[in-house]
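Take a look at the structure below.
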Amino acid sequence: MKVRVCFELNTRDEAGNVDSTFGLAMTIGESEKEIDYQQLTAAINKEGVLRTACLDRAVKPEDMKIITPEEYDEKYGDEEEQHG
């Protein structure tokens, strides 16, 4: 199974109000075993993820929320369905 880490991100306007909300899913590999999602996401460096995704100028770490892959699929669509 694919191992994904998913996020919900907010951008803010100049007044500090939420401007837009979007999802980000990162596939980090494959695993034959079930992986504890809470344990996997416990030590995530949000600043590093934003930098890697080139979103560090648009989104602040405090505007980034870790969500489950199921929440991501429900809110933003399953990545497989969009590209498959």
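A short reminder: the numbers here are calculations on the coordinates, not readings from a lab. Please read all numbers here as calculations on a predicted model, not as lab measurements.
Kirkwood Rh over alpha-carbon pairs of the stretch 12-52, then Stokes-Einstein at 37 °C and 0.692 mPa s: what D in µm² s⁻¹, rounded to an integer?
Here the translational diffusion coefficient equals 248 µm²/s.
What length, rounded to one decimal in nm, is gained on full extension from I44 through to T21, with 0.36 nm per residue of separation minus their alpha-carbon distance?
Value of the extension gain: 6.3 nm.
Only one of the listed values, [x] 35.9, 123; [y] 13.6, 47; [z] 14.6, 45, was derived from the coordinates as Rg and Dmax of the Cα atoms in Å; which label is it?
Computed from the coordinates, Rg and Dmax of the Cα atoms in Å corresponds to [y].
As a check on your grasp of the helix formula, calculate [θ] at 222 nm for the chain: sum -39500 (n - 2.57) over DSSP H runs of n ≥ 4, divide by the residue count, round to the nearest 500.
Helices in the chain give a 222 nm mean residue ellipticity of -7000 deg cm²/dmol.
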